[in-house]
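Remarks on the structure that follows.
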Amino acid sequence: MKQFLSIGEVAKARNVNVQSLRYYEKLGILIPAYTNPQNGYRYYTLEQIMILDTILLCIDLGIPLKELINYVDDNGQLQFERLLEDGQRLAKEKIQKIQENLHSIDHTLQHVHAQKAFLGQTGYYTRPIVSRYVITVPCEQIPEPKTYEKSLSSLFDLAHKKDFRVSFTHGILSNYHDGHYVDSHMFLEVLPKISTQIESFPAGNYLCFQEKREIHSDPGEIFAAQLGKNGNAQIIVSSMSPSSYKYDEVILEFQLLEKHCEQ
C-alpha cells in the first residue's frame, strides 16, 4: 500500500476534511483509487492530489460542486482537460471583472483627490475638470430629496442594465438659452466602454461655486452675471467627494464652463 495515500493523509495534505472527500466520492468526481473491501478504508494515488487541487480551485472560482458531476463521462472518468479549460475561462472572467472594478476605484479616487484641494472654497473660483461621461433622466431643477433619490436609483439601474461602471458622482444639469432656464436632467457619471455613444461633459476650466446641499440656490442666480441676457449654457450642479463622507453635510459644486461666461 506504499503507492497509496490514506484518506486522512490526503485530507491533511490539502487542508480539507474527510467528509468533503467522501462527498466528492459520492458525486463521482474523486473516486478513491482503492477501497479495502474488509474495512472500507479509502486510498488515493499521488496523481489524484492534482485532481483534488483542480476541484478545490474550481470551487474557489465559483463552480458549484453539483455541477462538477457534468465533467464525469459515462465510464466514470473525470474529464480533467475540459474542467481545466472551463476553470481557466472563469478565472479570466474574474480577473477582467477585478480589473474593471480597480479601474472604477482608481477613477473615483482621482475624482476625490482632484476635489480635495478645492473642497471648502468660498466665493467663486476656477478649476480644471476632465471630460465626464454621463447618463441622464429628466427632472426638476431642484427636486425634492425623495424624488432625487428615486431618480438616482433609476440611473444606477440603467447603468447596470447597460453594463456601465459608475463613479458615484451625480447631480443636476440645467440648460439655459438666451439667459433663460430651459430644462434640467439628473446625471450619473459612468465609465462606459470606449465604443459606446454616450453623452459627455467637455473638459476645460470651469467657474465654480460651493454650497451645502440643504441650501441649493438657483443655479441661474448664482451665475446670473456670467450668463447675461444672451447666455446659452449648461450649468452643472455636482456632488463633491470629500475624503470622509457625512450624509448630512453633502457639498454641491456649481460648475459653468468658462467659454460660456459672458465676455
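Can TYR148 be described as crowded, with 17+ Cβ neighbours inside 10 Å, assigned by the TED database to the domain that holds GLN234 and of a type in the set (Phe, Trp, Tyr)? Yes; evaluated as a whole, the condition is true for this residue. The residue list ARG22, ARG42 contains one member that is at pLDDT 90 or above, surrounded by 13 or more Cβ atoms within 10 Å (Cβ to Cβ) and touching a Pro at 6+ places or on another chain (Cβ under 6 Å), which is ARG42. Is it the case that SER131 is of a type in the set (Gly, Ala, Ser) and surrounded by fewer than 17 Cβ atoms within 10 Å (Cβ to Cβ)? Spelling it out, SER131 is indeed of a type in the set (Gly, Ala, Ser) and surrounded by fewer than 17 Cβ atoms within 10 Å (Cβ to Cβ).
So that you can scan it fast, the table gives a plain yes or no per residue for (1) part of a strand (DSSP E or B); (2) of a type in the set (Lys, Arg); (3) under 26 Å from ILE105 (Cα atoms); (4) touching a strand residue (DSSP E or B) at 6+ places or on another chain (Cβ under 7 Å):
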residue: ASP163; (1), (2), (3), (4): no, no, yes, no
residue: PHE168; (1), (2), (3), (4): yes, no, yes, no
residue: TYR176; (1), (2), (3), (4): yes, no, no, yes
residue: VAL182; (1), (2), (3), (4): yes, no, no, yes
residue: PHE187; (1), (2), (3), (4): yes, no, yes, yes
residue: VAL190; (1), (2), (3), (4): yes, no, yes, yes
residue: ILE198; (1), (2), (3), (4): no, no, yes, yes
residue: LEU207; (1), (2), (3), (4): yes, no, no, yes
residue: GLN210; (1), (2), (3), (4): yes, no, yes, yes
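Please determine whether any residue of the range 7-16 is in contact with a helix residue (DSSP H, G or I) (Cβ under 8 Å, 6 or more places away or on another chain), surrounded by fewer than 15 Cβ atoms within 10 Å (Cβ to Cβ) and more than 23 Å from GLN88 (Cα to Cα). So that I can check it myself, show each step before the final result.
Of all residues in the range 7-16, those in contact with a helix residue (DSSP H, G or I) (Cβ under 8 Å, 6 or more places away or on another chain) come to 7-8, 10-11, 13-14, 16.
So of that shortlist, the ones also surrounded by fewer than 15 Cβ atoms within 10 Å (Cβ to Cβ) come out as 8, 13-14.
This time we only want the ones that are more than 23 Å from GLN88 (Cα to Cα), so: 8, 13.
For the range 7-16, residues in contact with a helix residue (DSSP H, G or I) (Cβ under 8 Å, 6 or more places away or on another chain), surrounded by fewer than 15 Cβ atoms within 10 Å (Cβ to Cβ) and more than 23 Å from GLN88 (Cα to Cα): present.
Please specify each residue of the range 89-102 satisfying the condition of being without any contact (Cβ under 8 Å) to a residue 12 or more places away in the chain and surrounded by 12 or more Cβ atoms within 10 Å (Cβ to Cβ). The answer is GLU93, and nothing else.
Only residues that are at pLDDT 90 or above, among the small types (Gly, Ala, Ser) and within 30 Å of ALA225 (Cα to Cα) were counted in the range 148-202, giving 4.
The values are calculated or read from the model by the stated rules, or taken from the named source; none is laboratory data. Only a predicted model underlies this, so the values are computations on that prediction, with no experimental measurement involved. Positions of Cβ are backbone-derived with ideal geometry, glycine not excepted, and every protein chain shown enters the neighbour counts.
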